[in-house]
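Colleague: Here it is: the structure, laid out below.
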Amino acid sequence: MAELLKVEHLKKYFATPAGQLHAVDDVSFVINKGETLGVVGESGCGKSTLGRVVLKLLDLTDGRIVFEDRDITSISEKDSIALRKEMQIIFQDPYSSLNPRLCVSELIGDPLIVYKMYNKDGRQKRVYELMDLVGLARRFAFSYPHELDGGRRQRIGVARALALSPKFIVCDEPVSALDVSIQAQILNLLQDLQAQQNLTYIFVTHDLSVVKHISTDILVMYLGVMAEKCESKELFRKPYHPYTKGLLSAIPVPNIDHVKRPVELLGELTSPIEPKDECRFLARCKYATDVCRQGAPTYQEVEPNHFVTCHNVREINNL
Ligand code: SF4
């Protein structure tokens, strides 16, 4: 498989009055063409910031980004704008990400105007092609966002992202604002489009169950750091990090015996501002020992292609 995107030791810190906020702290991964990396974690774990830094919508603090064998870490603003043709984003909330004063046709055609593609007739033809592609009936071409339901609005978001024929898309919680029945439709659409157009995705979500089937690999993030990364199937079969175990325990499952599963994830996220040199999951971890207070754990390969950041991973999982 050919690599499309390589991210090495990426850091993104924000200056705050209380000190540096470590939103993304030493994150590395590779995504091959046509594959999906699911990035999972609670709100505030840095997953959306990671997506925006990769897309060059935010400057990075440190690290390296390579896209199609080209180092794009320090490219100019002009080159970043040109690169945006290849790299796009689908936003979480179709209600607020669409300009309410533009009709569907204008919303989908807008990126084509920005990049000076097609004349007026050609643009309208391309808009209809995109509407067909995302399953949005042409009769809605001159409707406004408020006249459409959430699923149709998110189809506009998908069509806008596809307008410039990108190779890579960051899907930033694209279904979390939608009803469960509509979520499945949009997930199926994204999977079909990926297969048809050999698209590569980063799929950001707080809900592990959403990325189970769509992701090739899953990266679990906690307070800016990588907690665990491996193939999607492997993560659901053998979660090794205490945080991943907690996330999985919170997924509701039908239970005919009415036996309550213990919820393993207790407490709240701590602050990512000037974090101490200790495990960031310490305050919530029932497996914590003294060594967890004495220094942050390093990211280690505990089984082939299965990486975990935990001092006690072998003892906890009898490896
Ligand atoms: Fe828990 Fe310690 Fe592992 Fe952190 S390093 S997840 S505190 S056992």
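Every number here is computed from the coordinates shown, using simple stated rules; none is lab data. Everything numeric here is computed off the predicted structure, so don't read it as measured data. Here Cβ is always computed from backbone atoms with ideal geometry, including for glycine, and neighbour counts include all displayed protein chains.
Colleague: Across bins of 10 angstrom width beginning at 0, how are the C-alpha pair distances of the stretch 137-185 distributed, in whole percent?
Modeller: Each 10 Å bin holds this share of Cα pairs: 22, 51, 27, 0.
Colleague: Pull out a ≥ b ≥ c, the square roots of the eigenvalues of the alpha-carbon gyration tensor of the stretch 1-52, then state rounded if a/c is under 1.5, prolate if not and a/b is larger than b/c, and oblate in the remaining case.
Modeller: It comes out prolate by the Cα gyration axes.
Colleague: Still on this model: What length, rounded to one decimal in nm, is gained on full extension from Glu303 through to Phe142, with 0.36 nm per residue of separation minus their alpha-carbon distance?
Modeller: Extending this stretch completely gives an extra 52.6 nm.
Colleague: Please determine, in degrees from 0 to 90 and to the nearest 10, the orientation of helix 180-197 with respect to the longest principal axis defined by the Cα atoms of the chain, where the helix direction is its Cα long axis.
Modeller: Orientation of helix 180-197: about 70 degrees from the principal axis.
Colleague: Plugging the Kirkwood radius over Cα pairs into Stokes-Einstein for the stretch 69-173, at a temperature of 20 °C and a viscosity of 1.002 mPa s, what D comes out in µm²/s? Kindly include the intermediate steps, with their values, before the conclusion.
Modeller: Details: Rh = 14.3 Å.
D = 150 µm²/s.
Colleague: Simple spin-label model, 7 Å along Cα-to-Cβ: Asn119 to His213 in nm?
Modeller: Inter-label distance under the simple model: 4.6 nm.
Colleague: What is the angle, in °, between the Cα long axis of helix 104-114 and the longest principal axis of the Cα atoms in the chain? Nearest 10 is fine, range 0 to 90.
Modeller: Between helix and principal axis, roughly 80 degrees.
Colleague: Considering only DSSP beta bridges with both partners in the chain, what is the antiparallel share in %, to the nearest 5?
Modeller: Of all bridge pairs located within the chain, approximately 65 percent are antiparallel.
Colleague: Using the Karplus curve 6.51 cos²θ - 1.76 cosθ + 1.60 with θ = phi - 60°, what ³J(HN,Hα) values do you get for each residue of the stretch 205-214, in whole Hz, with x for Gly and Pro?
Modeller: 7, 8, 10, 4, 5, 5, 9, 3, 8, 8
Colleague: Measuring from label point to label point, each 7 Å out along Cα→Cβ, what is the Ser76 to Lys238 span in nm?
Modeller: Distance between label points: 5.0 nm.
Colleague: Taking every pair of alpha-carbon atoms in the chain, give the share separated by more than 31 Å as a whole percent.
Modeller: 35
Colleague: Run the numbers on the chain and let me know its relative contact order in percent, using alpha-carbon pairs under 8 Å that are six or more apart.
Modeller: Answer for the chain is 20 percent.
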